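Colleague: First the structure, which I've put down as structure tokens, then a few questions once you've had a look.
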Amino acid sequence: SDHGETFGEHENPYPKDHWPFTRHGHTLYEELTHVPLMVRGPRVPIGVVDRPVRAFDVVPTILRAAAAGSLPGDGHALGEVFGESVDDTLAVGAQAMRFGSEKRSARVGNLKLIETRWGDELYDLEADPDELENLAPSQADDVTRIRQALPPHRQASVTQTIDPETARQLEALGYMQE
């Protein structure tokens, strides 16, 4: 899967958002972003990557395993799959956009910053894996440091007309709002 699912683990995490809390794509808590991935196929080395990684690192890893060259983009092959040592202190970012509100997060080591229009949230995932104790008010230096690792702001835009039946189906799945 490319995402997890939320089932109300965080009570009203984003005030005045327009969605029930049994969905995905609306928050950046671990129940949505910590997703196991298994890849199997010819010439795919056997191994385990036991650290947070980015979804767009998967394709470069598969291309490298297949000796198929590379594609332009932000992704990097997961070196430990190929027996290389890797700097596991690199930041891993994520973002979510829904109804025009963007949320961004970055994880550096065991600290995770979630930035929203309602304020910053900082969690120590080792001590608080359920992300219940927001440390941002008491650890401003960590918030400032990790903020540098947040993904860039992106704007949502629709550049294509969607036919009414497709729009209806997307609305039923929760991907669009009238």
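Computed from the coordinates by the stated procedures, all read-outs in this text should not be read as laboratory data. If you're wondering where the values come from, they're calculated on a predicted model, not measured in any experiment. A quick note on method: Cβ atoms are made from the backbone with ideal geometry, for glycine too, and the neighbour counts reach across all protein chains shown.
Colleague: What ranking do 121-128, 80-87 get when scored by the average of other Cβ atoms within 10 Å per residue, highest first?
Modeller: 121-128, 80-87
Colleague: Of the listed peptides 53-62, 109-118, what is their order by residue-averaged count of other C-beta atoms within 10 Å, with the highest listed first?
Modeller: Values: 53-62: 16.4, 109-118: 18.9.
Order by mean packing, descending: 109-118, 53-62.
Colleague: In addition: Fully extended, how many nm does the chain gain between ARG40 and VAL86 (0.36 nm per residue separation, minus their Cα-Cα distance)? Write out the running numbers ahead of the final one.
Modeller: Numbers: separation 46, 0.36 × 46 = 16.56 nm, distance 2.17 nm.
Length difference between fully extended and current span is 14.4 nm.
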